[in-house]
Amino acid sequence: MSDTFSFWWANLPQMLGGLVVSLELTGLALVIGMPFGLLLAIGMGSRLAPLRWLCIGVVEVGRGVPALVMLYVVYFGLPAIHWSPTAMVCAVIALAFTTGGYTGEYIRGGLVSVGEGTWEAGLALAMPTADVLRFVVVPQGMRVAIPSLMGLAIQIFQATSLAYSITVSELTAQAYSISSSSFRALEIFGLAGIIYAIITIPATWVANRVERRLSLRE
């Protein structure tokens, strides 16, 4: 056991370097994908049929295509149109698209939960439709969607482990690299699992607490 701890300690800096990349990838995917999802959610409620169906299609693709497949499509597809970004940029684009698809559906559900009475009350006060949407409906819908969005953030962090497949040097990629040179796969992936758990378990606990508090306020 002491030998395992010594092995972990010797490789911890490299593993933490991979964790930083995983967190950066998660943050960028969420920062880009969630606002994109909000726009998709609003678009799905549009009275303009072409816009509505376009947004619905994007959401369905974002939710329906596995993240690993999306990573490959972006990584191998962009060079086909004469743009060759780094693997990190490809991973951000792919995971942001996936994030946008799920975010759009979660927020759409939140917006639908806002009753017609809210719209009617805002319009009765002579508020422009855009202002009712911006200051009344969207904030209330976001409140409903928050627990799901927090869960999505955790899922995207876990999905960053797939980015090793397109050569992004995140946490799982570092574990693969160390296992290839040390032939101690069980131990190094055990360490990777512990690091992932240290991040996701407290995050899940916080998400559950937020969900319970919001439920009590309803």
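Throughout, read-outs are computed from the coordinates displayed, never taken from laboratory work. No experiment lies behind these values; they were computed from the predicted model shown. Cβ placement follows ideal geometry from the backbone for every residue including glycine, while neighbour counts extend to all protein chains displayed.
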* Options TYR102, ALA29, SER161, ranked by Cα towards positive dipole end of the chain, top entry (Cβ charges) -> TYR102
* **Theoretical ellipticity at 222 nm over the chain - DSSP helices of four or more residues, -39500 (n - 2.57) apiece, nearest 500** => -28000 deg cm²/dmol
* Using alpha-carbon pairs under 8 Å, 6+ residues apart, how would you state the relative contact order of the stretch 17-168 in percent? -> 34 percent
* Structure fact -> For the chain, Rg(Cα) over 2.2 N^0.38 Å is 1.22
* What is the calculated FRET efficiency for SER113 to SER46, with r their C-beta to C-beta distance and R₀ = 22 Å, to the nearest 0.05? -> 0.75
* How do THR99, THR172, THR200, THR86 line up, fewest other C-beta atoms within 10 Å first? -> THR86, THR200, THR172, THR99
* Asked: With charges set only on the Cβ (+1 for Lys and Arg, -1 for Asp and Glu), what does the dipole of the chain come to about its Cα centre, in debye to the nearest 20?
  -> 300 debye
* Asked: By how many degrees, 0 to 90 and rounded to 10, does the Cα axis of helix 171-182 deviate from the longest principal axis of the chain?
  -> 10 degrees
